[in-house]
Amino acid sequence: MNRNNRQKARSAFFGNNSGLETSKYSDNYLKPHTTRHITASLMAYDGIPLSMAQTILGHMSASMTQHYTHITSNMKRETIERFINDTNVQTMNNIVDETMKINNENKK
């Protein structure tokens, strides 16, 4: 599909009076295709495995899914914090379990 046909298709989809600005210099410029990037990024942020995101998005390869995934610095920070919190909870649970075992063995 050439550029002119894409523009006609976009116009037909959104309508001429849709209120969406199609100038790439506008702050409100949004292509329908952008939702694929947003969806892939949100899936990554939510911890959905790459192979599952690939299947949902219909990509033939994981590298294509990675291309659509945009990780922000906030996403990195929050993921690290979740990992640390989960690890700390697991570690604390293991310490409590071991302490309980020792206490139960000492009571015998």
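When K76, K31 are checked against the criterion of being part of a helix (DSSP H, G or I) and modelled with pLDDT under 85, a single residue qualifies: K76. Among the residues of segment 48-71, which ones are exposed (fewer than 13 other Cβ atoms within 10 Å of the Cβ), outside any helix (DSSP H, G or I) and without any contact (Cβ under 8 Å) to a residue 12 or more places away in the chain? Within segment 48-71, P49, G58, M60, S61 qualify.
Summed over segment 81-99, the residues that are at pLDDT 75 or above and either open to solvent by 100 Å² or more (accessible area, probe 1.4 Å) or among the basic types (K, R) (or both) give a count of 2.
Pairing residues of segment 73-98 that are in contact (Cβ under 8 Å) with a residue 12 or more places away in the chain with residues that are part of a helix (DSSP H, G or I), at Cβ distances under 6 Å and at least 6 apart in sequence or on separate chains, gives M75/Y45.
The values are calculated or read from the model by the stated rules, or taken from the named source; none is laboratory data. Remember, predicted model here, so these are calculated numbers, not experimental data. Note that each Cβ is placed from the backbone with ideal geometry, even for glycine, and that neighbours are counted across all protein chains shown. The protein model used for the area step is the full one, side chains on, heavy atoms only, and it has no ligands, DNA or RNA in it. Shrake-Rupley method; radii C 1.70, N 1.55, O 1.52, S 1.80 Å.
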